[in-house]
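Student: The structure is given below, and queries will be raised subsequently.
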Amino acid sequence: MAAASPEHKNHTMTVSSRPSLLATIFSGRMLVAFLMGFAAGLPLVLTGSLLKVWLQDEGVDLGTIGLFALVGLPYTLKFLWAPLLDRYVPSRLGRRRGWLLLFQLALVACIAGLGLSDPREHLYVMAVIALLVSFFSASQDIVIDAYRRESLSDEEQGLGSSLYVNGYRLGLLLASGGGLILADFIPFSAVYALMAGCMLLGVATTLFAREPELAEGAPKTLLDAVIKPFVDYFSRTDARWILLFILLYKLGDTMAGEMASNFYRDIGFSKTEIGSVVKLFGFWATIVGSLVGGVLILRLGIFASLVSFGVLQAVSTLGFAWLAYVGHDLVTLGGVVTFENFTAGMGTAAYIAFMASLTNKKFTATQYALLSSLMGVPRTIFAAPTGYIAAALGWQWFFVLCTLIALPGLLLLAKFRGWLRPAAPDVADKPLPAAS
């Protein structure tokens, strides 16, 4: 019998060395992605909704409470200091784990300090500590996003992103729902002390996780860390189209979601009906949707997933128009909410995986911070006039418009088909699309 060719042997070894789907799903890498998501989601509402309820209970006026939204600015501006996290290695733990441990220990201290603040006697001190919590939380987000990109292969980004999102939502749920329930029985200071203790899970995850390999060509100077990520990104042929796609892909979904609660109330649903159906069914549908999306991305690849999940997102937005036609009906509400949240979870998993696949491992923190900051634009700017649009068009045609707004993002995907392929090698290892 003739000996197998070297090419055949290499192919056989490559195929046999690939982990199975179950092995990937239950790997330590995916557990780390989930736990880091939990650590990222927990601090967000501690300077947001939970803090505002505490201030209201202490008799702080609504105008001042509204101004506390400004403590969230670090989440929008995090790309400004992201180059520092690409350039410097703060400890023996490495570039990613070193920064993570530093930020997480700072979060534990600042969250506990926030709980010890007195909103009636030292409101400005509380505001400064809340700003510090936001800064260290946003900084942690930068490093976690970079760690996930560098520790997972391109094929694993979708599943890793879905587990990260689910961990993030669990952290949000614990801090918001759990925090409010606890505050009925114990002082807010004790609630914040408990939440600071919960952040220790993130510290333990960082200590036991593996440090990703430092990519060859990582910046050696601060100037390189600031300039090279932008030069690298904008040298791609489709750079401007990619930025436009990131703005448009979830725009219709975001605009519809922005007015959903007002829509439910306007067609006759009570607060209890909205809370029980939307929050209960919606939360779990999103969790399941992101998990299913992550598994499907492993099978389909990012391109096919973005297309199919994007179509499903658009169809689910059209479901709101159907609900507007049907009116007050709990069964229809449950079906529309479940389908919309399920497809939104799938779309978000593919969306985050796509952004991760765009980053060069040499400058992961800076490039991902830029893209994720851009991802928030539809939520903060484009969604602002949705109330006026809904009032002018009526609910049914407003949601039809939101569905149509999803189409340009889907059409833009055709420009990326040539290089956005399943099982593509890591960006750091392949030539990027050439500059035009």
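Each reported figure results from applying straightforward, stated rules to the coordinates on display, with no laboratory input. Just so it is clear, the model here is predicted, and its values are computed rather than measured. No Cβ is skipped: glycine too gets one built from the backbone with ideal geometry, and neighbour counts run over all protein chains shown.
Student: DSSP loop (so not H, G, I, E, B), at most 10 other Cβ within 10 Å: list which trypsin sites (Lys or Arg not before Pro) in region 175-278 pass both filters.
Tutor: When the trypsin sites (Lys or Arg not before Pro) of region 175-278 are filtered for loop state and at most 10 Cβ neighbours within 10 Å, 220 remain.
Student: May I pose another question? When the chain is treated as a GNM, springs tying every alpha-carbon pair under 10 Å, which of 68, 398, 103 comes out with the largest mean-square fluctuation?
Tutor: Highest fluctuation among the options: 68.
Student: Count the net charge of all other residues whose Cβ sits under 14 Å from the Cβ of residue 87, scoring Lys and Arg as +1 and Asp and Glu as -1.
Tutor: Residues close to residue 87 contribute a combined charge of +3.
Student: Mind scanning 250/362; 78/250; 250/415; 78/415; 78/220; 220/250 and naming the pairs with a C-alpha gap bigger than 26 Å?
Tutor: Pairs exceeding the cut-off: 250/362; 78/415; 220/250.
Student: For region 137-209, state which chymotrypsin sites (Phe, Trp or Tyr not before Pro) are in a DSSP loop and have at most 14 other beta carbons lying within 10 Å of their beta carbon.
Tutor: 185
Student: How do 61, 184 rank when sorted from fewest to most other Cβ atoms within 10 Å of their own Cβ?
Tutor: Sorted ascending by nearby Cβ count, the order is 184, 61.
Student: Which longest uninterrupted range of the chain lacks any GluC sites (Glu not before Pro) assigned by DSSP to a loop state (not H, G, I, E or B) and surrounded by at most 10 other Cβ atoms within 10 Å?
Tutor: The answer is 217-436.
Student: Between the DSSP loop rule and a limit of at most 15 other Cβ atoms within 10 Å, which trypsin sites (Lys or Arg not before Pro) in region 36-107 are left?
Tutor: 92
Student: If each residue's Cβ is checked for other Cβ atoms within 10 Å, how do 126, 36 rank with the fewest at the top?
Tutor: 126, 36
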